[in-house]
Every structure is written in structure tokens, then in C-alpha cells.
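Q: Please see the structure below; I have some questions.
The values are calculated or read from the model by the stated rules, or taken from the named source; none is laboratory data. Computed from a prediction, not measured in an experiment: that's the story for all the values here. Cβ placement follows ideal geometry from the backbone for every residue including glycine, while neighbour counts extend to all protein chains displayed. Only protein heavy atoms, including side chains, enter the accessible area calculation; ligands, DNA and RNA are left aside. Shrake-Rupley method; radii C 1.70, N 1.55, O 1.52, S 1.80 Å.
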Amino acid sequence: MRLFDRWRSAEVPADVGAGFWAAEAAAMQRAIVTALAGAERARSGAVPARLELSPGAEGRVVVVWRNVIVGFVPPDRAAPLRDQLAAAGKGTLVAPGSVVELGGQRRMWVGEGEPVGEPPADELAAPPTTIFGIHLPGTTPRETTTARRWVLAVGSHSWEVREGTDLDVVLLRRRLAEAAPGSTIHVLVWGEPVAIDLGSDARVTLSDPVTGEVEVLHPR
């Protein structure tokens, strides 16, 4: 379970023209693979995906699949989608897409039909394992595959994270508990900075994707 339907806003179809490749596949590999179901990871062909487009930092448009950030709209395609996001208001801008293996990487195609053209060059390197942006040397995939999973939700946005790999849950709880009212704390989730505004009434929760149990971190 990665998303609670009662939190969904109305869906607004995005106009993505003939489609495009999402940018930053190298940095998003771990996120894309995590979003794939077990059977889909073994699949040789394209995996259909229902994508959401959300506003990101510095004017970026974020591509989200199954509550996981899996890429970014290329800069040359972002302006019209920013306009569509503004027009959608509280609605969720959605687009069809697919996950395609290309050049040894999983890549996100945004749009209908067969992917065409060359993917944009990556600007971000594949990130090392981090907790709040701090590199953890010596951490191996074997050490992190059994980590407990959570769904972190901040307002209308949410991500599936692994404890101790993608998120230090203990530190997050402490920072929220110790923060002054109205302050903003910053965390890094899947390599994307996330600002948590404690001056708003937007809920911050941790949910167990297996049991569905929800822990409300803000407001208290």
C-alpha cells in the first residue's frame, strides 16, 4: 500500500504532446526499481505507468509514479507543464507513461505510444546511500534490502522509504519534536530536498505499508 485513496485529489489529464523521456535516470534508478513490483522487475518489455506531475524546487516539474519520485521533466518541456499545474489548482496532473529498459538503465517515458528520440543527458550522478544527505561509506545493498519500509507523507506528497537507507526515522521524529513552532525543517528523500513547514496545518505522517498503521508526526 503506497497511497491512501481518501487523500486523492481530482485528476486532471496533462497535455504532454508526443511525449518525452524523463530526465535524471541515473540518479533515479533506485527509486524506479523500488516502484516496480517484483514481477515487473523481471519483465523484459515496457511496463505501463500512470504518472503524476508535481511542482518541484527551482521551477522543476517532478515525475511521480506510485508515490515515488522517478524523474524530472526536461527543462525544455517544463514551462507548459508548470502552466498546467497552476491551472489544475488542487487537482492532480496525470499522464500515461511507461518504464523502459534502455542502455542498461530503467527510464521513464511520459506519454502514450512507443518511446521515440534520445533521452536527455543526465546532470545528476547516481547518489550514494545517504541519510539526510550524509554519505554512509561501506553500506551495501545486502545490508539495506531488509530495512523496514515506511510511507512518508508531507501534505499531499508521499514517498516510500527504507529506514536507515532513505530516511533516518529516529532522527526525523526527534527533529520534528524539537523544532520550534512555525519553523521549517529540510530533509532529503530520494535525492530530492523536501521542506516541512511546521507553520502550516499540512499533516506529516509515517505509515506502515503492510499494516496500514499511521503515525502522525505533525501537527501534534
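Q: Residue 59 - would you say it is small (Gly, Ala, Ser) and under 27 Å from residue 188 (Cβ atoms)?
A: Values: small (Gly, Ala, Ser): yes; under 27 Å from residue 188 (Cβ atoms): yes.
The answer is yes for residue 59.
Q: Restricting to the range 145-185, name every residue that is among the β-branched types (Val, Ile, Thr), assigned to a helix (DSSP H, G or I) and open to solvent by 10 Å² or more (accessible area, probe 1.4 Å). Lay out the reasoning, then the answer.
A: In the first step, residues of the range 145-185 are kept if they are among the β-branched types (Val, Ile, Thr); the result is 145-146, 151, 154, 161, 165, 169-170, 184-185.
Now restrict to residues that are assigned to a helix (DSSP H, G or I): 169-170.
Of everything in the range 145-185, just one residue is among the β-branched types (Val, Ile, Thr), assigned to a helix (DSSP H, G or I) and open to solvent by 10 Å² or more (accessible area, probe 1.4 Å), namely 170.
Q: Hey, another quick one. Within the range 86-122, restricting attention to residues that are at pLDDT below 90 and charged (D, E, K, R), which residue is farthest from residue 35 (Cα to Cα)?
A: By that ranking, first place goes to 90.
Q: While we're looking at this one, here's another question. I'd like the residue in the range 2-19 that is surrounded by fewer than 13 Cβ atoms within 10 Å (Cβ to Cβ) and of a type in the set (A, V, I, L, M) and, out of all such residues, is modelled with the highest pLDDT.
A: Looking at residues that are surrounded by fewer than 13 Cβ atoms within 10 Å (Cβ to Cβ) and of a type in the set (A, V, I, L, M), I get 18.
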